[in-house]
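Values quoted throughout were computed directly from the atomic coordinates according to the rules given, and no laboratory measurement underlies them. A quick note: this is a predicted structure, and the numbers were derived from the prediction, not measured. With ideal geometry, Cβ positions are generated from the backbone for all residues, glycine too; neighbour counts draw on all protein chains shown.
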Amino acid sequence: MRDKMAEFKECELIKHLRLLNDPRNSLLYWYPKVKDLVPTPKTVWLEVGCTVEWLDSGVPKVVIEKLKELAKEIGYPLFMRTDEASGKHDYVNTCYVESEDKLPRNLYRLIEENFMHDLWPKAIVLREFIELDWMAY
């Protein structure tokens, strides 16, 4: 007989995985619904279906070149994320792309961050970087 705690943990894990994989969490789902309702930064994306193999063999050059083309529409610096997450806790190495030469490294780290959190991104999103007023204490 399985103990109740093991059953509870398994049930919670299944709920967690379902929430992570809910298509409504994706920018591809919600952005088209809000983009004309509220002001948003200029946003473009490339649907690619990132794979774990990219962590071993690197992001395909064709993906990087296409993103560089799209980045010209936005301009640098830009904010990069996947349709699922931005990896903002490692900001300089993930979502903040200062220049074209930083894009491949940041893209790799961004994808790595997503996979470490059990997220399976379907698109790479480039957004206009908006400088915010902030104050450090």
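Considering only DSSP states other than H, G, I, E and B, which GluC sites (Glu not before Pro) in region 36-137 qualify as loop sites with at most 11 other Cβ atoms within 10 Å?
Numbers: sites: GLU47, GLU53, GLU65, GLU69, GLU73, GLU84, GLU98, GLU100, GLU112, GLU113, GLU128, GLU131; in loops: GLU84, GLU98, GLU131.
Those that pass, being in a loop and sparsely packed, are GLU131.
Give the whole-number value, in cubic angstrom per residue, of the convex hull volume spanned by the C-alpha atoms of region 26-128.
In region 26-128, the Cα hull volume divided by residue count equals 92 Å³.
Within region 98-137, which residues have the backbone N less than 15 Å from the label spot 7 Å out from VAL34 along Cα→beta-carbon, could you tell me?
127-128
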